[in-house]
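Inspection log for the structure reproduced underneath, given as structure tokens.
Any read-out appearing in this document is the output of simple, stated calculations on the displayed coordinates, not a laboratory observation. These numbers were taken from a predicted model, which means no experiment stands behind them. Glycine also receives a Cβ, built like all others from the backbone with ideal geometry; neighbour counts cover every protein chain displayed.
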Amino acid sequence: MYKLCINPSNKKSHINPEIQGHFSEHLGRGIYEGLYVGENSEIENVNGMRKDVLEALKELKVPVLRWPGGCFADEYHWKDGIGPKENRKKMINTHWGGVVEDNSFGTHEFMELCRQLGCKTYVNGNVGSGTVQEMQEWVEYMTFEGVSPMADLRTANGRKEAWDVDYFGVGNENWGCGGNMPPEYYAGLYRRYQTYVRDYRPGKHINKVACGANAGDFGWTEGVMSTCFNKAPGNVHGFMDGISLHYYTVPENWEKKGAATDFDEKMWYQTLSKTLFMETLIKGHQAVMDRYDKDHKVGIIVDEWGTWYDVEEGTNPGFLYQQNTIRDALVAGINLNIFNKHSDRVIMANIAQMINVLQSVILTDKDKMVKTPTYHVFNMYKHHQDAELLESFIETKEIGLVDEFKVPNLTESVSLGKDGKIHATVTNLSATESYEIGLSLTDTEIKSIKGEIVGGEIHLHNTFENPDVVTVKAFDDIRLEGKSEGRLTIPASSVLHLEIEI
Ligand code: AHR
């Protein structure tokens with residue numbers, strides 16, 4: 001039996017809802033077709049946004065959405081995406097698939113999408129090929145109220161009131177597609193560009209996000225923190241509120257990533273082992289950050305994470321469209337548990353990407369849509385949003401087929417939710433074995449326990465023909481034992497949510 005111990009009286013840190021954030025880029029069928037079909041579409045929509053998709057997303061309580069990229073962000077010129085649609089520039093999306101970008105989804109549409117979702121806004125600015133003036137004017141356009149050229153332009157385009165920009169990214173992957181810069185060069189630019197990301201309205205702070213590292217490039221974090229962490233006099237927020245981190249789970253390697261649905265048990269463990277590397281990365285970057293920022297003023301924002309497989313056969317290689325199986329459910333559960341456990345430093349994370357791109361929560365095909373196993377995991381984990389992380393521990397053993405890719409059999413995180421209940425999420429990484437778990441709460445009486453689960457054979461996935469192969473199912477295999485203890489058996493390859501009433 002494996003023990004899961006929870007200490008309800010030791011609250012470790014606050015779990016920002018943004019940890020369950022999303023990312024959607026002008027890439028493939030993510031924005032166009034996936035989220036936005038336009039007002040004149042035959043697909044039912046509200047102001048151009050797909051009704052079915054938005055309904056499903058609202059259930060997840062999406063806390064924040066990052067847009068417009070990704071690599072697209074450093075080629076995006078926001079003025080191309082405002083004003084009458086017929087006058088907007090048409091261009092080739094050179095980065096992603098060479099298709100026509102007609103700019104019909106721009107700033108107003110993004111803000112409308114976030115309004116309908118009821119989520120915070122995370123706008124990513126252009127440092128790679130944009131000017132300081134362009135970035136300054138975008139922030140003014142979105143957030144300034146009063147007499148100004150950009151506020152007037154916004155009003156002329158039909159929107160008098162300013163919008164809230166909750167987070168603003170100053171460039172994306174500037175070590176790569178965002179300009180191929182060395183860290184010291186980017187850090188200098190960051191200091192300059194962020195100066196003009198102004199808080200125009202009292203009480204409406206825009207959280208500034210510096211471009212962070214590619215996976216284990218700790219030198220990048222060092223370069224950016226050493227130059228940018230200085231507190232500006234009179235500015236309580238300093239130069240930055242967050243620094244990003246990008247890490248994808250690529251099962252094999254970047255040349256041959258591996259298929260989304262056709263994989264063996266060895267590849268299952270290899271994928272999960274590579275997912276667990278996220279924790280090593282967070283600890284490593286945090287160690288560098290701690291040298292400058294021991295009070296954790298700057299948060300880690302993992303604004304791109306998820307699985308990256310070979311694209312589905314017959315699809316545009318630049319569209320990054322992939323299926324999603326129980327393996328992805330595990331990747332989501334493991335990552336979200338890691339983010340919870342590090343919520344004293346990780347203040348946001350954005351899965352890449354929301355719809356039809358990489359590890360999506362929803363896939364669409366014309367008027368059809370399907371919720372992926374990853375969607376169902378997010379739906380169970382939503383109870384952690386805005387909750388307090390509790391001290392917890394689970395006993396584990398090492399499992400796997402080859403030494404290099406051994407993993408613990410179980411991972412977990414536990415929080416005290418806004419609803420006053422304890423929410424524990426547990427992942428079983430074994431492809432074949434179930435485990436008995438003994439649950440124990442320190443000095444706390446359990447009134448009741450309810451469970452729900454996403455799991456099954458490792459290749460299971462939902463298709464447009466069979467959309468409900470993988471869903472959230474009720475889990476009743478729990479016995480209360482004494483006042484503060486319980487016992488359950490977690491099936492192989494599953495993600496479990498326990499709601500414990502105390
Ligand atoms: O999410 C796909 C791409 O991955 C993003 O555009 C880029 O930031 C990253 O390399």
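Looking at segment 25-78, the GluC sites (Glu not before Pro) that sit in a DSSP loop and have at most 15 other Cβ atoms within 10 Å of their own Cβ are E39, E42, E44. On the basis of the beta-carbon distance and an R0 of 60 Å, E501 and K89 show a calculated FRET efficiency of 0.60.
Let me check I've understood the local charge: for E304, count other residues with C-beta under 12 angstrom from its C-beta, Lys and Arg +1, Asp and Glu -1. What total comes out?
Working: positive: R66; negative: E25, E173, D303.
That sum, taken over residues with Cβ under 12 Å, equals -2.
Principal-axis analysis of the Cα atoms of the chain puts helix 107-117 at an angle of about 30° to the longest axis.
Can you list the trypsin sites (Lys or Arg not before Pro) in segment 238-278 that are in a DSSP coil and have 12 or fewer other beta carbons within 10 angstrom?
Values: sites: K256, K257, K266, K274; in loops: K256, K257.
Passing sites in segment 238-278 are K256.
The GluC sites (Glu not before Pro) of segment 157-254 that meet both conditions, a loop assignment by DSSP and at most 11 other Cβ atoms within 10 Å of the site Cβ, are E161. The order of Y381, Y248, Y185, going from fewest to most other C-beta atoms within 10 Å of their C-beta, is Y185, Y248, Y381.
FRET efficiency for the pair K11 and E395, taken as 1/(1 + (r/R0)^6) with r the Cβ-Cβ distance and R0 = 30 Å, rounds to 0.85.
Order these peptides, 323-331, 13-21, by their mean beta-carbon neighbour count within 10 angstrom, highest first. Don't skip to the end; give the middle numbers.
Values: 323-331: 27.4, 13-21: 22.4.
Result, highest mean Cβ count within 10 Å first: 323-331, 13-21.
Could you tally the net charge around G130, taking each other residue with its Cβ under 9 Å from the Cβ of G130, Lys/Arg +1 and Asp/Glu -1?
Counting the neighbours of G130, the net charge comes to -3.
With a Förster radius of 45 Å applied to the beta-carbon distance between H77 and K483, the computed FRET efficiency rounds to 0.10.
Of W308, W67, how do they rank once you tally other Cβ atoms within 10 Å and put the fewest first?
Numbers: W308 20, W67 30.
Exposure proxy ranking, most exposed first: W308, W67.
Only Cα pairs under 8 Å and 6+ residues apart enter the sum, and on that basis the relative contact order of the chain stands at 19 percent.
Antiparallel versus total DSSP beta bridges in segment 16-385: what percent is that, nearest 5? Display every interim value, and only then the final one.
Working: 9 of 43 bridges.
Looking only at bridges with both residues in segment 16-385, the antiparallel portion is about 20 percent.
In the chain, the longest principal axis of the Cα atoms and the axis of helix 326-341 are about 80 degrees apart.
Where does the charge balance sit around E501 when Lys and Arg score +1, Asp and Glu -1, over other residues with C-beta under 11 Å from its C-beta?
Details: positive: K421, K447, K450; negative: D419, E445, E499.
After counting each charged neighbour, the total is 0.
For the chain, the longest principal axis of the alpha carbon atoms and the long axis of helix 183-195 meet at an angle near 70°. For a straight C-alpha distance cut-off of 20 angstrom, the lysines reachable from K257 (same-chain residues fewer than eight places away being disregarded) are K266, K274, K406.
State, to one decimal in nm, how far the label point of E445 lies from the label point of V250, with both points 7 Å from Cα in the Cβ direction. For the pair E445/V250, the computed spacing is 5.5 nm.
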